[in-house]
Protein chains: 2
Amino acid sequence: MPETAPITVPGPISPPHRLLMGPGPVDAYPSVLSAMSARLVGQYDPFMTRSMVETQELYRHVWGTTAEASVLVDGTSRAGIEAAITSLVRPGERVLVPIFGRFGHLLAEIAERAMAEVHTIEVPWGQVVTPSAIEEAVVRVRPTLLALVQGDTSTTMLQPLDEIGDICERHGVLFYTDATASLGGNPFEFDAWGLDAATAGLQKCLGGPSGSSPTVLSDRAVAVVRSRARIEAGIREAGDPVAGDFVRSNYFDLGMILDYWGPRRLNHHTEATSMLYAARECARLIALEGRAAVIARHVRAGEAMLAGVRALGLTVFGDVAHKMSNVVAVKIPDGVPGDVARAAMLEDFGIEIGTSFGPLHGRVWRIGTMGYNARRDAVLATLAALEQVLARFGHPVRAGAAHEAAADHYRGSAVDGREATA
Amino acid sequence: MPETAPITVPGPISPPHRLLMGPGPVDAYPSVLSAMSARLVGQYDPFMTRSMVETQELYRHVWGTTAEASVLVDGTSRAGIEAAITSLVRPGERVLVPIFGRFGHLLAEIAERAMAEVHTIEVPWGQVVTPSAIEEAVVRVRPTLLALVQGDTSTTMLQPLDEIGDICERHGVLFYTDATASLGGNPFEFDAWGLDAATAGLQKCLGGPSGSSPTVLSDRAVAVVRSRARIEAGIREAGDPVAGDFVRSNYFDLGMILDYWGPRRLNHHTEATSMLYAARECARLIALEGRAAVIARHVRAGEAMLAGVRALGLTVFGDVAHKMSNVVAVKIPDGVPGDVARAAMLEDFGIEIGTSFGPLHGRVWRIGTMGYNARRDAVLATLAALEQVLARFGHPVRAGAAHEAAADHYRGSAVDGREATA
């Protein structure tokens, strides 16, 4: 072996203490971190198979579905998005993407990469799209797939989905949503809303690390995926289908991923075991606390944060009636240097709040209350630190006002001591 | 919210004790498991950025390169494979894949999905491909990319790569290798061997969980990727390039992944933080123990296992001179039910050994000695259990013969007490 240059070996990983109150990633629940240090097992070990089945069932509960096709895609949230779009849409087919923030652009971008004919409609950042505008576009474009973000952290808006499934049903359109930023902190009803596909990530309201994408398909979506089946040459057997119309990705072919998670257990990737453990624990915590209770905890934390930032004299961006429970965008006051103030939050208090993208860049901070951090103490600590930093940069604040407003909100909304501390 | 069906909530993850001596995944190093339970930080936190830079440098050391483009692809090992192939090859371009096992078929499959014109040459399972056969095919096919597996766990063969770079250089062909099964347990010299791209996974000799794919590109490969640059609409700025010739995947566009890992830190995915911690720790352990010492430890463990299985009267599959250090395929003796015996290994001793694919299905077991498990006690415990199980199924074995042979090998090859216990 040739000589290699000497390397200075760094120490073991030792992250600083942070309270992650940005738009995500956020702190993982302690038990999710612990789950990832559990020992590994083989990929066809009976324990592994059982853990996969449990995880599928736990996510059915989180999604609000009885659909069979509940899996994890091994990658970050956009891996799930790409798997859904590239598996459901053939090159040249039309995709309609209503855009109300950055992540609508991402869905359009991913559909373009998949060689779809992409049509978009847009509303100004800070608004959501009306069902009638969506139906008008569906009628005009006649897409194969409607791809719609549920919660776009770039604007904090939560797109209502409950009337969209009927529109898609009427016009024979597959209905996909990206619920990365919203799932677990806002209502989600896969079956009741008539969805065909949905994907998410762990790093927002689910309270885990990025790197695994819970994904669910309706039976109708599974039929589309199955019609494009192609089992890879190395493990193909006589009689297995080989469609000419195959998905233009091996990794993201949901048909093969379903065969891996399903009773055939056909080898595809080697499941990311530690991320499976993490994903399982995220959903297990929701099932333990109660799906409705977790959402209610996010609503309380979000409303308390909203009351607090307003008491600090900050203006909230966008249509507050359609805000996600778990993140708020506040306008950076005149005279306050946005990035310097964020750095002070991090350096002086170990608290991270978020910057923003595109048209909002430099104009708003985004403050999240998600997953494990949808907690009273996390809300109050963040407001206290923000008060200090705003005062330091000359923004007029009344000491204690934010604490008072947020704590008052918690007192008003307390559900007989059920405020979870997870 | 609609009522949801009650769910039976399973307990926290609690895997059984296993010793994973198959072809991978294998047990992670304890410190890799610990690293994954470290707390999260924000994706642009100075600590995160520093950890990413450290990880890039550690993998340069593992790969034997000074190339700038050292990153992780967030997914399992085949995510790295697909990222490399789909980023380097345009639809319609020719890819040459010499096949000597299942994973050659996988490279061909992934290149077909990327709409490349795929040409293959094949040798029987158990052999490797000669440089002259590769050069003959390169001259005939004139591919854009040669895609060649280094170590194929399906056959245990280690393809020599040291003469292939010159061939590719002479004929203007990009040279990519999949080192998933081999990296860390066998020599690897990215620069000296003239490689343009290489990818791996953590779950073999690197001793981590599946779910992160170390990936490296030469400057020449980076130039190809850059020529196809397309920054996504949501974060595109005036002057940013938009090639018509874009990579047909957003998630696997190595140009965007490089921009995320590079000084621009352009948002792409949200890095899988816990998997980054794991990947960093895997490479850190190699740097601490010494790259050559880790490979030598794999060689010793592999040779001891080989001596042991032969002492059990088992016949080894394939060209042993070209076997990977870290896995051996042994023919299942006549009269021994292969899967029942494997199940007995797992149930009675908690030891997993591997089955096999394709033409070897039901004919061989695969026994690995990788990463943390390239250890004397793991080798000897596996041989002892295998002796019991073989005896139970009537295969004639002499008690203690395998222990003696393997322990003798360790005594003969001991490097002044440097046998690592990690």
### Message
Given the -39500 (n - 2.57) contribution per DSSP H run of 4+ residues, what per-residue ellipticity at 222 nm results for chain A, rounded to the nearest 500 deg cm²/dmol?
### Response
-12500 deg cm²/dmol
### Task
Work out the mean other chain Cβ neighbour count within 10 Å for the residues of A:202-209 and drop it here as an integer.
3
### Task
Compute the acute angle (0 to 90°) between the alpha-carbon long axis of helix B:131-141 and the principal axis of greatest extent of the alpha-carbon atoms of chain B; round to the nearest 10°.
40
### Message
Please report, for residue A:240, the nm distances (one decimal) from its label point, 7 Å out from Cα along the beta-carbon direction, to the equivalent points in the remaining copies, shortest first.
### Response
3.9
### Query
Of all the stretches in chain A, which is the longest one without any exposed loop site, taking trypsin sites (Lys or Arg not before Pro) in a DSSP loop (any state but H, G, I, E, B) with at most 16 other Cβ atoms within 10 Å?
A:1-235
### Message
Between segment B:266-345 and segment A:266-288, what is the separation of their alpha carbon centroids in Å?
### Response
25
### Message
Between segment B:150-213 and segment A:5-72, what is the separation of their alpha carbon centroids in Å?
### Response
28
### Query
Of all DSSP beta bridges in the protein assembly as shown, what percent run antiparallel (nearest 5)?
50
### Summary
Note: probe point = Cα of residue B:122 + 7 Å toward Cβ; backbone nitrogen < 17 Å; residues of segment B:87-109 passing the test are B:96-109
### Efficiency of FRET from Cβ geometry, residue B:392 and residue A:408, R₀ 56 Å, rounded to 0.05
0.20
### Summary
Over its alpha-carbon atoms, segment B:153-261 yields an Rg and a Dmax in Å of 16.3, 51
#### Entry: Nearest-first distances (nm) between copies at residue B:411, label 7 Å from Cα via Cβ
8.0
### Query
Where both partners of a DSSP beta bridge lie in chain B, what percent of those bridges are antiparallel, to the nearest 5?
50
#### Entry: Charge dipole (debye, nearest 20) of segment B:30-286; +1 at Cβ of Lys and Arg, -1 at Cβ of Asp and Glu
460
### Message
One quarter of the convex hull surface, Cα atoms only: what value does that give for segment A:30-286 in nm²?
### Response
13.0
### Task
Could you check the simple spin-label distance between residue B:130 and residue B:44, using points 7 Å along Cα→Cβ, in nm with one decimal?
5.7
### Query
Just how large is the dipole of the protein assembly as shown about the Cα centre, in debye to the nearest 20, putting +1 at every Lys and Arg Cβ and -1 at every Asp and Glu Cβ?
580
### Query
What distance in nm separates the simple spin-label points at residue B:238 and residue B:223, each placed 7 Å from Cα in the Cβ direction?
3.1
### Query
So for segment A:276-422, what percent of the C-alpha to C-alpha distances run longer than 29 Å?
18
### Query
Stokes-Einstein D for the protein assembly as shown at 37 °C, 0.692 mPa s, Kirkwood Rh over Cα pairs, in µm²/s?
119
### Summary
Label model pair residue B:347, residue B:94: point-to-point distance (7 angstrom along the Cα→beta-carbon line) in nm is 5.4
### Furthest towards positive pole of dipole, A:115, A:32, A:154, structure part segment A:30-286, Cβ charges
A:32
### Message
Using a 7 Å offset from Cα along the direction of the beta-carbon, what are the separations from residue B:391 to the same position in each other copy, nm, ascending?
### Response
7.8
### Summary
Treating only Lys and Arg (+1) and Asp and Glu (-1) as charged, each at its beta carbon, one finds that segment B:138-276 has a dipole about its Cα centre, in Debye to the nearest 20, of 360
## Note on the structure
Fewest-first ordering of A:152, B:166, B:245 by Cβ atoms within 10 Å yields B:245, B:166, A:152
#### Entry: Share of pairwise Cα separations in segment A:61-183, more than 16 Å, in percent
59
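Rule-based calculations on the coordinates, nothing more; no lab input. Predicted, not measured: the structure shown is a model, and the values here were computed from it. Neighbour counts run over all protein chains shown; Cβ positions are idealised from the backbone, glycine included.
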